[in-house]
Amino acid sequence: MMVVDPRFFSSYKVDLAIVRKSLAVADGILSCVLDVNGNVIFIIKDKNFSLHDRHILLDASEIPILTFQKKHRSIHRRWQAFRSDSTSAKDLIFSTKKRSVIQRVTELSVFLSDNKEEVVSDYKVAGDWKKRSCRVYSYDGSTILAQMHDNIDPCIEADKDTYGISVSPNVDYALVVALMVILYEVNKDRKKKKIKGKKKGSGRNREIKDDNEDTDGEKEEEDEDGYEDEDDEEEDEEDDEEDDHTD
């Protein structure tokens, strides 16, 4: 199904590679999405100093395709994607939200803009960037539409920040890339809130120690991908109570 742009809809399988944080620019960080020949298909721009963690998906000519951002104070950590560089409600294409408050593995429901009731999602995305296990599913989870992997084509110079994605035929791969990035950001936000909560809880009883003394087991460090392992169960109720309950 074509969702974003007919240019990025194919009747055959498409293999892509996301190269994260490949270039820093004045107002943000750029990541690139390449085809199997190493040609740039998309550029992902992460805007610096953005209140809503705004990202812009550009084509190879740097023309905006999608703008997606976190909705402020959403109980389900909702993200919204808009056409081109707009953030107007009339240009909304899809939105995502967590499928449940407590999750062991992050799962997001995806709703197209004409799905007003949101009783049944249009797509589902789940997984972990660290383990390269991210997948996009059909609405009921029975069919894998796209999945992340580490089998990068030899034409692409791959490193730890390169992630392969295989997209099934007749699936909008601009949509897939946007969903993968949103999933990464939701996982990263989980880790930040978890660390913040632990530091807040332990800080009440922690004594100040000498600068040269190590404190084993008290300092939380992020892994290189910025979020926790899947084995850690997420506990978001306390954080979500602070949110405005209008989604």
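The values are calculated or read from the model by the stated rules, or taken from the named source; none is laboratory data. Source: prediction; values computed, not measured. Glycine gets a Cβ as well: all are built from the backbone with ideal geometry, and neighbour counts include every protein chain shown. Areas reflect the complete protein model, heavy atoms only, side chains present, ligands, DNA and RNA absent. Shrake-Rupley method; radii C 1.70, N 1.55, O 1.52, S 1.80 Å.
Within the stretch 118-141, the set of residues being open to solvent by less than 40 Å² (accessible area, probe 1.4 Å) and at positive phi comprises Gly127, Gly141.
His72 meets all of the listed conditions (1) under 17 Å from the mean Cα position of the chain (by Cα); (2) surrounded by 19 or more Cβ atoms within 10 Å (Cβ to Cβ) but one, namely (2). Within the stretch 142-152, the set of residues being in a loop (DSSP other than H, G, I, E, B) and exposed (fewer than 14 other Cβ atoms within 10 Å of the Cβ) comprises Ser142, Thr143, Asp150, Asn151. Taking the stretch 1-109 as the region of interest, the strands (runs of 3 or more DSSP E) fully inside it that hold 3 or more residues being modelled with pLDDT under 90 are 14-25, 28-34.
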